[in-house]
Amino acid sequence: MSELIQVNQLSKTYKVPEREGGFRSAVRGFFKRKYRDVNAVQQVTFTICQGEIVGFLGPNGAGKTTTLKMLSGLLHPTGGSASVLGYTPWERKRGYLQAMTLVMGQRNRLSWDIPAADSFLLNQAIYRIPQAEYARTLKELDELLDLSPIMRKPVRNLSLGERMKCELAAALLHRPQVLFLDEPTIGLDITAQARIRSFLQEYNRRTGATILLTSHYMADVTALCERIIIIHQGRLKYDGAISELTHRIAPFKLIGVALGDPCPCDLTPYGKPVAGENGDGKQFVQVPAGEVASITSRLLAELPIHDLTIEDPPIEDVIERAFQE
Amino acid sequence: MHTLRVLAALFKINLQMSLAYRADTLVNILLNLMWLGWELLGLSIIFSNTTQLAGWGIGEMIALMGVFRLVNMLMASLIWPNTEKFNTSIRDGSLDYTLLLPVNSLFLTTFSRMVIWRAWDLVLATALIVVGVNMSGGGATPLRLLSFMLLTGTGAMIIYSLWIVMIAATFWFVKFDNNVTILQALLDAGRYPANVYPVWLRMIVTFVVPIAVATTVPLQALRGELTFLQILLYLGVSLAAFVVASRIWKAGMKKYSGASS
């Protein structure tokens, strides 16, 4: 498969004005500004192939949005290079802008006072979409996102989830080959999140579009991405399969046991007891991945066990660990 | 062709927005008519005491009022609303979306908002100019009319260029909401011919904020006071102003770093 996105030693340093609190330093800052360098992104390197969906993870302020903005051409990097679809993004060539899209979950591109359908027409003109193709794409997006009931209402009357659907449609009318999604499900309820998720999956399947997305909801990531890239404090920490990350960062499993005797019994001889998520009365122990078999047979032999499960540690915990390393 | 199509789409959107607020539109047109009556009353008071103002008769003053209205229309229908939108978008970062579109960013910044009912001013202004020219007793040869129209265009272009520079300054200062206030403040000086003002003020309205270039100068052309060379000069200056302004805009775009997510 061809490498659609190539990022090489990409770096961005912001100059940020800084002053201490208080009136005096405010006055001083008015005449003489002090600046501090913030290294938002430092020598990040990765490649993404056509048709991949890659999760781009990291805590707040890790440099995710900055990277996405550089890749979509909004920011000039202070170092390194990138090529997307053969273009250098920040040259902002028409051909590039025509072939990609950026969706930011916290910003609106649709006009507030008019129905989304009217904003779509503006996009049709701007992206030079021929009428037949426009009608076809809109019909397809309508099928996937169920736009008909909502796209004729003024955008200000829509719920957050409905608005996000329209935002996505507006961003995809020109059939971009590359999608940069910055927290596309932020603030949405579980159902709406799932809707957007399955839409992205289906869209990727139908069009073969390449997607790089950030999200703080692990469900988004586990549902959509086989591969993740983790950055922390501007540096690349991990690039690979999610399953691989679990092996590397958290090489242990969770054994959950439901005991016939309802009183809790001490499991410390078998492993490190941890709190379970679902309140079904199970107790969990964390054991090294290599010892699962032997410990399980010991548990079964020594305790009155009703039910037993072996699970991977929750992905949130694994990623949390990865951030901290 | 593409540009026209985008312009038409923007026009449609803005028309829909103004149709959504019908009462607002009607009240605005009424207010606008009231202001016109007020201004004409002012003129008639001046000319009940004198027949000439710095060499200009009442007909010419009415025509000047018409040109002044044209400039005012430019300000009220495009410059004000788009400045407001631009200033907001640069601070909350929504300018990002404008920059992502495969269209000239300056074009979109200029035309994304249009106060459509202001087109009504075009009718009023034309009426004032026609009536004024007739009252001033003719002398308006086709050539003079042509140069009048040409210079109205160059005047608008110079004000537009000045506006570009002022909003581009926001790229460097981020918060600079008064960027266009000075333009509006001096615009009022355009109501009267530049030569009624003392020299220092005349200098300001001609060179610093060249409002006179947009109002007085076209009228001078209509009165046949300008040489061919002067007309050419104004034309050149307005083109140069636009080229410089769009360079500054481009530099500003490079500077723009986007608000934090």
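The values are calculated or read from the model by the stated rules, or taken from the named source; none is laboratory data. All values derive from a computational prediction rather than experimental measurement. We place every Cβ from the backbone using ideal geometry, glycine too, and count neighbours over all the protein chains shown. To get the accessible areas, we keep the full protein, side chains included, count just its heavy atoms, and leave off ligands, DNA and RNA. Shrake-Rupley method; radii C 1.70, N 1.55, O 1.52, S 1.80 Å.
The single condition among (1) charged (D, E, K, R); (2) more than 14 Å from chain B (Cβ to nearest Cβ); (3) touching a helix residue (DSSP H, G or I) at 6+ places or on another chain (Cβ under 8 Å) that A:Lys139 does not satisfy is (3). Identify, please: which residue in the stretch B:1-21 is more than 7 Å from chain A (Cβ to nearest Cβ) and over 12 Å from A:Leu122 (Cβ atoms) and is, among those, most open to solvent (accessible area, probe 1.4 Å)? Selected residue: B:Met1.
When the stretch A:231-251 is examined, which residues are found to be within 30 Å of A:Glu302 (Cα to Cα) and modelled with pLDDT of 85 or more?
In the first step, residues of the stretch A:231-251 are kept if they are within 30 Å of A:Glu302 (Cα to Cα); the result is A:246-247, A:250-251.
None - no residue of the stretch A:231-251 is within 30 Å of A:Glu302 (Cα to Cα) and modelled with pLDDT of 85 or more, so the list stays empty.
Residues in the stretch A:93-121 that are closer than 24 Å to A:Gln193 by Cβ, more than 8 Å from chain B (Cβ to nearest Cβ) and assigned to a helix (DSSP H, G or I): A:Ala116, A:Phe120.
Would you confirm whether or not the stretch A:48-56 contains a residue that is surrounded by fewer than 23 Cβ atoms within 10 Å (Cβ to Cβ), polar (S, T, N, Q) and within 13 Å of chain B (Cβ to nearest Cβ)? No - not one qualifying residue is present in the stretch A:48-56. Does the stretch B:208-261 hold any residues that are modelled with pLDDT of 85 or more, of a type in the set (Ser, Thr, Tyr) and open to solvent by less than 60 Å² (accessible area, probe 1.4 Å), and which are they? Hits for the stretch B:208-261 are B:Tyr234, B:Ser238, B:Ser246.
This table checks each residue for (1) open to solvent by less than 50 Å² (accessible area, probe 1.4 Å); (2) farther than 30 Å from A:Ile114 by Cβ.
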| residue | (1), (2) |
| --- | --- |
| B:Phe111 | no, no |
| B:Asp121 | yes, no |
| B:Leu128 | yes, yes |
| B:Val133 | yes, yes |
| B:Ile158 | yes, yes |
| B:Tyr192 | no, yes |
| B:Val199 | no, yes |
| B:Arg202 | no, yes |
| B:Thr206 | yes, yes |
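Just to be sure before I move on: is B:Val205 part of a helix (DSSP H, G or I) and closer than 26 Å to B:Asn104 by Cβ in the structure I sent? Spelling it out, it is not the case that B:Val205 is part of a helix (DSSP H, G or I) and closer than 26 Å to B:Asn104 by Cβ. In the stretch A:57-108, what count of residues is obtained for those that are touching a helix residue (DSSP H, G or I) at 6+ places or on another chain (Cβ under 6 Å), hydroxyl-bearing (Ser, Thr, Tyr) and without any contact (Cβ under 8 Å) to a residue 24 or more places away in the chain? Residues that pass the stated criteria total 1.
Can you tell me which residues in the stretch B:88-147 are away from chain A (no Cβ under 14 Å) and within 30 Å of A:Ile126 (Cβ to Cβ)?
Initially, the stretch B:88-147 is screened for residues away from chain A (no Cβ under 14 Å), giving B:110, B:117-147.
B:Thr110, B:Trp117, B:Arg118, B:Ala119, B:Trp120, B:Asp121, B:Leu122 - these are the residues of the stretch B:88-147 that are away from chain A (no Cβ under 14 Å) and within 30 Å of A:Ile126 (Cβ to Cβ).
Is it the case that the stretch A:27-42 has a residue that's within 12 Å of another protein chain (Cβ to nearest Cβ), open to solvent by 30 Å² or more (accessible area, probe 1.4 Å) and in a strand (DSSP E or B)? Yes, there is a match, as at least one residue in the stretch A:27-42 is within 12 Å of another protein chain (Cβ to nearest Cβ), open to solvent by 30 Å² or more (accessible area, probe 1.4 Å) and in a strand (DSSP E or B).
Restricting the stretch A:122-135 to residues that are in a helix (DSSP H, G or I) and under 29 Å from the mean Cα position of the chain (by Cα) leaves a set whose member that is farthest from the other protein chains (Cβ to nearest Cβ) is A:Tyr134.
Of the residues making up the stretch A:160-194, those that are small (Gly, Ala, Ser) and buried (at least 17 other Cβ atoms within 10 Å of the Cβ) are A:Gly161, A:Ala169, A:Ala170, A:Ala171, A:Ala192. Here A:Val84 fulfils each of the conditions (1) within 24 Å of A:Ala322 (Cβ to Cβ); (2) more than 8 Å from chain B (Cβ to nearest Cβ); (3) under 20 Å from the mean Cα position of the chain (by Cα) apart from (1). Among residues of the stretch A:11-40 that are without any contact (Cβ under 8 Å) to a residue 12 or more places away in the chain, those with a Cβ under 8 angstrom from a residue that is basic (Lys, Arg), sequence gap 6+ or separate chain, pair up as A:Ser25/A:Arg19; A:Ala26/A:Arg19; A:Arg28/A:Arg19. Annotation: A:Trp90 fulfils all but one of (1) more than 7 Å from chain B (Cβ to nearest Cβ); (2) surrounded by fewer than 21 Cβ atoms within 10 Å (Cβ to Cβ); (3) assigned to a loop (DSSP other than H, G, I, E, B); the unmet one is (3). For the stretch B:135-156, enumerate the residues that are loosely packed, with under 13 Cβ neighbours inside 10 Å and in contact with a Pro (Cβ under 6 Å, 6 or more places away or on another chain). Answer for the stretch B:135-156, where residues must be loosely packed, with under 13 Cβ neighbours inside 10 Å and in contact with a Pro (Cβ under 6 Å, 6 or more places away or on another chain): there is none.
Go through the stretch A:201-278 and tell me which strands (runs of 3 or more DSSP E), entirely inside it, have 1 or more residues that are aliphatic (A, V, I, L, M) and open to solvent by 40 Å² or more (accessible area, probe 1.4 Å). Full working, then the answer.
On the way: elements: A:210-214, A:227-232, A:235-241, A:252-259, A:272-274.
It comes to A:235-241, A:272-274.
Is at least one residue of the stretch A:284-306 under 25 Å from the mean Cα position of the chain (by Cα) and either in the same structural domain as A:Gly55 (by TED's automatic domain parsing) or surrounded by 12 or more Cβ atoms within 10 Å (Cβ to Cβ) (or both)? Checking the stretch A:284-306: not a single residue is under 25 Å from the mean Cα position of the chain (by Cα) and either in the same structural domain as A:Gly55 (by TED's automatic domain parsing) or surrounded by 12 or more Cβ atoms within 10 Å (Cβ to Cβ) (or both).
Only a single criterion out of (1) open to solvent by 10 Å² or more (accessible area, probe 1.4 Å); (2) modelled with pLDDT of 90 or more is not satisfied by A:Asn108, namely (2).
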